[in-house]
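The values are calculated or read from the model by the stated rules, or taken from the named source; none is laboratory data. No experiment lies behind these values; they were computed from the predicted model shown. Here the Cβ positions follow ideal geometry from the backbone for every residue, glycine too, while neighbour counts run over all protein chains shown. The area values use the complete protein model at the heavy-atom level, side chains included, leaving out ligands, DNA and RNA. Shrake-Rupley method; radii C 1.70, N 1.55, O 1.52, S 1.80 Å.
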Amino acid sequence: MIAIDTPLRSADDVAPLADAGAGSFYCGLVRAGADGVEAAISNRRPDDPANFTSPEALADAVARAHARGCPVFVTLNERFHPAAREPWIAEQVRLVRDLGADGVIVGSVATLRMAARVFPPAGIHASVCLEAGNSGSVRFLASLGAGGVIAPRHLLPDEVARIAAANPDVRLEAFVMNSRCAHHEGYCGYLHQSLDGAGGGPGACRRIADGCSPRLIRDACGVCALFDLARIPGLRAVKVVGRDLPVARILADVALVRAALDALAAAPDRDAFEAGCRDRRRAATGRDCLGECYHAPGGEPMERAVFVYSRADPERVMETVGAAIDPDDPDRADRVCFGAEACEHALPGPALLDRVVAACRDGGVAFTLVTPPCTDRGVERVARLLPRLPPGSEVVFNDWGVFELLRAREDLVRVHGRILTRAVRDPRLDPAAFGDKSREFLGSTSLHSPGYQAFLRENGVARAELDDPVQGYEPLPRGSLPVALSVPWVPVAVSRYCGGHLADACRHDACPARVSTVQGAPVLVLGTATYHPNRAAPRDLSGLGVDRIVRWIDLPGVDDPIAAPAASSAPEPRPEPEPAAEAALAAPSEPPPVAPFEPGPALAARMDAAGVRFLRGRKERVAGRVVVTVEAECLGRTVEVELSPVPLGRPHFRAVGGVAAAYRSAGADLAVVNRVLEALLPPGGAADLGDM
């Protein structure tokens, strides 16, 4: 049976994690009072929130884990240590043994040799930092005393299988959840902790200004690969990464992996298993599959882009852009797509465009201007914006008049917009109700024509945009343009009317937005366009040539962009507005009532124990749901956290035990944010924010 190797940093977490499916634990020990060097050479995750800070606490956790039948391994996985510290490393190995732990995870040959004097082979696991990427490397480490080897993150299932076949007596382990870096970890020279002002920390390579470096994927997932991994005889465990993540997140990840392993016996084929994994991922974690996979061929990880709608308050736009490209966030965007795809009146003004372009330039991320179908006035507006773009910027065109403008700018990258693909995107479709020929037609777009693809290439178009309608798309022809996939909103129709008026007479600071249904199918009417939410990514990303995911964030006027309204077989008709009501539609709505929020005794005690100081808070009702916003201070940094029962489409979204958390931080690293989140939410999350 394959064990789920699970991060641990508190004895109190043993029982819930074991109940969720954890089969073994790994953890770090950084003793209180340790100097900086001692902390650094203890393990590759030396921050206090990721480790036990006393031998007594670790011993308690080991005892509880053993009572549940789970072994515990302690990380000593730094790749080197100063000569003067070698006696300390040897002492640490002996301490781990004396505390009752089952073994150590070592990151260097020197530490492995020291561990071999204290532990039998079953108690020594070679860390991924030793980069055992082939059968000979595993055989060599086993000869030094390692009974287990953690396979490098980049290995594919067939490569793991070859190693296992050549080393049948070695316990192999493969990564399956979170934190996939495209670099070889054992050969990476960046420091693994943050350096204020110096650009260090996980994902530091992403700060290279031209964006040419591969990157860290914090939310990587490999559960689909279990279809192959679980069939490898020598694979004894799969690893969930995240000693610095909230325990509620780890609980969800472990439950997802356990459910996937349990489902293998009932899965008739690979497609059925992978489809089930996507559903299980959403149900267990609240996070969608975007094709950012462990153990999947295909070269570089997906480029992550965000779309920021230009028809919003300029300060809100800049706040959204700043949060999306925050250099201290390992999940920050690689690219900002800014503008409007459906209405020429929503295009940004020159001043706002200049500010966003400057923010992207200073943040070292790429920039794309998104443009809509246009009248002659709209084309003139675009023409005034193009000279403000630096060379190398992308421009998405959804209009051939705009394309004509781009022909005169060889220094700009041309991108075929998804509005121009002429696809069927009817949200009412049921693919199962159609035959093969109908599904082939419904799954095609203008981009599926080889002749059209050739025309685009001949005219200097570098890539195309797509989305994922309910029926999905057929694979594109061989040699097609690379694709940027936009999620979660699928455009159904575009109009010239906005809020009951011609868009030419638009009087809105932000586009009016209304969530509704079409014969039971959920839709969002945003300004001149109608969208359908589809949270799942296509099953065959490679067949569509997708190498970029564009996530729409923080739509103005949309409080709950992801959660669709309940479907009904007969949606209520919308009455025609009276003249007075029509005028009211153009006026900004009253803000929801806001009440001060103060922590109750239990929450105050949790925050105090975590070293989190409450500054201020508020509670409000948005779209019928309670939203709690808390500003707090931790480790000298200020963090603002917004909690809701559903995602609000804000930047920095993360699911915590069934509660959606969006956060803004002033220089705080992820460990600080996580400490605040764990203080705010009890283990398992908060079932009712109204009770906070």
If you go through the stretch 10-26 one residue at a time, how many are touching a strand residue (DSSP E or B) at 6+ places or on another chain (Cβ under 6 Å) and not in a helix (DSSP H, G or I)?
6
Residues that are crowded, with 19+ Cβ neighbours inside 10 Å, within 28 Å of the chain's Cα centre (by Cα) and at pLDDT 85 or above, at least 1 per element: which strands (runs of 3 or more DSSP E) completely within the stretch 490-534 meet that?
521-526, 529-533
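Matching residues to (1) of a type in the set (D, E, K, R); (2) under 19 Å from Thr528 (Cβ atoms):
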{"position": "Glu319", "(1), (2)": "yes, no"}
{"position": "Gly322", "(1), (2)": "no, no"}
{"position": "Ala346", "(1), (2)": "no, yes"}
{"position": "Phe367", "(1), (2)": "no, no"}
{"position": "Pro372", "(1), (2)": "no, yes"}
I need the full set of residues from the stretch 587-624 which are of a type outside the set (A, V, I, L, M), open to solvent by 60 Å² or more (accessible area, probe 1.4 Å) and modelled with pLDDT under 75, in order please.
Pro588, Ser589, Glu590, Pro591, Pro593, Arg621
Number of the exception - Pro373 against (1) without any contact (Cβ under 8 Å) to a residue 60 or more places away in the chain; (2) open to solvent by 10 Å² or more (accessible area, probe 1.4 Å):
(1)
Those residues of the stretch 391-419 which are touching a helix residue (DSSP H, G or I) at 6+ places or on another chain (Cβ under 7 Å) and open to solvent by 40 Å² or more (accessible area, probe 1.4 Å), in sequence order:
Leu405, Arg409
The residue from Ala57, Ala34, Ala67 that alone is modelled with pLDDT under 80, out of contact with any strand residue (DSSP E or B) (no Cβ under 6 Å at 6 or more places or on another chain) and either open to solvent by 20 Å² or more (accessible area, probe 1.4 Å) or closer than 25 Å to Glu173 by Cα (or both) is Ala34
Across the stretch 125-169, the tally of residues that are surrounded by fewer than 16 Cβ atoms within 10 Å (Cβ to Cβ) and of a type in the set (Val, Ile, Thr) stands at 0
Search result, residues across the stretch 245-272 that are under 21 Å from Ala50 (Cα atoms) and either open to solvent by 20 Å² or more (accessible area, probe 1.4 Å) or hydrophobic (A, V, I, L, M, F, W, C) (or both):
Leu245, Val247, Ala248, Ile250, Leu251, Ala252, Val254, Ala255
For Gly234, indicate whether it is at pLDDT below 85 and either of a type in the set (Gly, Ala, Ser) or touching a helix residue (DSSP H, G or I) at 6+ places or on another chain (Cβ under 9 Å) (or both).
no
Residue in the stretch 290-304 that is within 28 Å of Ala275 (Cβ to Cβ), aromatic (Phe, Trp, Tyr) and modelled with pLDDT of 90 or more present
no
With the checklist (1) open to solvent by less than 30 Å² (accessible area, probe 1.4 Å); (2) more than 26 Å from the chain's Cα centre (by Cα) in hand, flag the one item Arg384 doesn't pass.
(1)
When only residues in the stretch 420-453 that are of a type in the set (Ser, Thr, Tyr) and in a loop (DSSP other than H, G, I, E, B) count, which is surrounded by the fewest Cβ atoms within 10 Å (Cβ to Cβ)?
Ser449
Check on Ile105, closer than 23 Å to His184 by Cα, buried (at least 17 other Cβ atoms within 10 Å of the Cβ) and out of contact with any Lys or Arg (no Cβ under 9 Å at 6 or more places or on another chain)
yes
